[in-house]
1. Give me the extension gain from SER125 to ALA145: residue separation times 0.36 nm, minus the current Cα-Cα distance, reported in nm with one decimal.
2. Testing the spin-label approximation: label points 7 Å from Cα along Cα→Cβ at ASP439 and ALA247. State their distance in nm.
3. When the dipole is taken about the Cα centre of the chain, and only Lys, Arg (+1) and Asp, Glu (-1) are charged at their Cβ, what size is it in debye, to the nearest 20?
4. Starting from 0.36 nm per residue, how many nanometres of slack lie between ASP32 and THR74 once their C-alpha separation is accounted for?
5. Once you put a point 7 Å from the Cα of ASN332 and another 7 Å from the Cα of SER62, both along the Cβ direction, what distance in nm separates them?
6. Go ahead and run the numbers for FRET between SER275 and GLU226, Cβ-Cβ distance against an R0 of 22 Å, rounding to 0.05.
7. How large a share of the accessible area of region 125-250, in percent, is made up of carbon and sulfur atoms when the probe is 1.4 Å and the other protein chains stay in place?
8. Kindly report the accessible area of the chain per residue (heavy atoms of protein chains, probe 1.4 Å, no ligands, DNA or RNA), in Å².
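The values are calculated or read from the model by the stated rules, or taken from the named source; none is laboratory data. Just so you know, these numbers come straight off a predicted model, no measurement behind them. Backbone-built Cβ (ideal geometry, glycine too); neighbour counts: all protein chains shown. Keep in mind that these areas ignore ligands, DNA and RNA; they rest on the heavy atoms of the full protein, side chains included. Shrake-Rupley method; radii C 1.70, N 1.55, O 1.52, S 1.80 Å.
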Amino acid sequence: MATISTLDALARAADPDASTGRERDLTIRQKDIDDPLVLDSLTAGRLALHRVNVAGAITLRSCVIEELVVDHCTADALLVSNSRIGRLVVRNTPRNTEVDVSETALEALDVHSCGPTRFEGVRVSDSVQISAMRGPVQLKRLRAATLALRSQAAVGRQRRPQVSLENLHVTETITLDDLWLASLTLDEVDVAALLLRRVRVDTPFRGTGVRCRDGLRINGMVVPGEASALLDSEVRGPVVVRGLRHAEAVPAQRRHTAPDTAPAPGAAAELVFRSSIISSLAASADEVAPVVVELADSSVRALAVPVGPARYRLAGTSSVQEVDLGDAVFRNDEHVTGFLDRVFTRVSPGALEAVRSTLTGRRRMSEGDQLYYFTRQREAAERPLLRRLAGRALLGGVLGWGVRARNPARTLGAAMLSTAVALHLSGAARDPHDGGVLDLVAAGRALVLACALWLNVGVGAPSELKTHAWTALAVGCTGGGLLFTTLTVGIVIRKLVR
C-alpha cells in the first residue's frame, strides 16, 4: 500500500499509462485498483471517482480539496480525516462500505444511498444532506448550518437504520423526513428548529438535552407502545405535535409514508416531556388516532386547546402559566369539568390551577372563584370521612370557601326561615288570643322576630320568653348571624373592589 500525495501519482495508480502534468482537477472512471488507496496531504481542485473498485479502503488524510465526488465506488470503507474539503459528495456505495468522516472542515456534505455513515468532529459551513440511507447513521460533534435526513433505501425489519445525533450544533434546522428507523436518539442537540415529519420508529424515540431556539414540530410520527420522551430539554419556540400515531393503529402491510387505507383505531400514542421547559405547546390528532402529550416535572408558558382526541397529562411538579381558553366559560361545575375533560386526561390539581391562574391573569375573577371553589371541593372529597364532611359540607356548602357569597347567604336565609317556623309552631311568638297556627299575622311576627335574632337588630322579645333559655337562643342566633352576614358582605365587597 503506497501513500499518494499528488494527482499525477493518483492517476498513475489508477492507470499506469496515464499522462502526467495534471493541473488541479482529476476524474477517474471505471478503474480497478488492486491496493488500498491512501491519499495523504493531497491538494486538488476537483477530484471525482466514478465506478472505481478499490481492494481495501479509500483513505484521505490531511488533504485540501475544493470538491470531492465518490460515485458508485466499491471499497471496504471511505475514511476522511483532518482534511479541508469544499464540497463532499458520496453516492451509491455498497451496503457494507462505511463512510467515516472525522475532524474535517467542509462547505457542504451530500451523502446518498450509502451504508453505515459516521461523522465525528465535522464542521460544515453550509448544509448536510443524507438521503436514501442503507445503514446506521451516527453524527457526533457536528457543526453545520442545516442538517437533513430523508428517506431510506433499506427495507425490512433487520435493515431499518439506527440514527444517533450527539453533541450537534446546527444554526438553522434539522429535518428528519420520510423515515422508518429502528431507533432514533438525540443527545445534547442545539438547533434553531427541529422538524420530524413522517418518521416511524420501532423503539421509543429518546431525546436528552435538546435545545430548540425557534421551535419543534412533530408531524405524522409513528411510535411504539412505550412512550417516547424528551428529557432535560428546552424549546423556546412553539412545540407542535400533529398526527402522532401508535404503531398498532397503522396497517402493518403498508409503506411508512401516507397510508393507503384508513387506520384502525388503536391505543393512544404517547409523547413525554420530562424536566423540560417549553414556550408553547399545541397538539392535534385524527379522530381514529388518540394522542397523549405528558408533561412530567416540566414548565409550559402557554398551552393550546388540543384538536381532536388529543389530550395533555400533567404529572409531578409540572406547571402551566397560561391555557388557551377559547370561548369557554366557567359559571358552574359542569362548565369546569367539560373544559378540563376536553384538554386534559384527568381533572388534576395542576390542571385546575393552570386554568384558574389563566382566568386570574385575564381578570375573569368570578370564573376564577368558581375554579377555586371547585378545586377545594375536589380536594376535600379525597380526605377521610370526618374531614370530608367538615370540608365539603361546612367550609364548602355553608361558608362557600370564602369565595361564593350565595352559600353563606343561602345558609343565613334558611336559618331565619327555620327559626321562624319553630317559633310559630311552638307558640313562643304567638298571642294566646290569636287564631292559632294558621294565623298569618302571628306567622309574620315569628318571621320578623327570627330575622331580628339572626341579624342582631335588637327589636326585643315577648315578655314571656325573657328567660335564660331565650337568652341562650338569642346569643346563638346572633353569633351565627354575625358570621354569615360578615362573610357574605365581605365576599361581595371583595368582588366589587376587584
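1. On the way: separation 20, 0.36 × 20 = 7.20 nm, distance 0.61 nm.
Here the segment from SER125 to ALA145 would lengthen by 6.6 nm.
2. Each label point lies 7 Å from its Cα, and together they span 8.8 nm.
3. Details: 60 positive and 54 negative charges, 363 e Å.
Its charge dipole is roughly 1740 debye.
4. Extra length from ASP32 to THR74 when fully extended: 14.2 nm.
5. 8.4 nm
6. Details: r = 18 Å, r/R0 = 0.83.
Computed FRET efficiency for SER275 and GLU226 comes out at 0.75.
7. Working: 2000 of 4740 Å².
Reported share for carbon and sulfur atoms: 42 percent.
8. Working: 23150 Å² over 498 residues.
Per-residue value: 46 Å².
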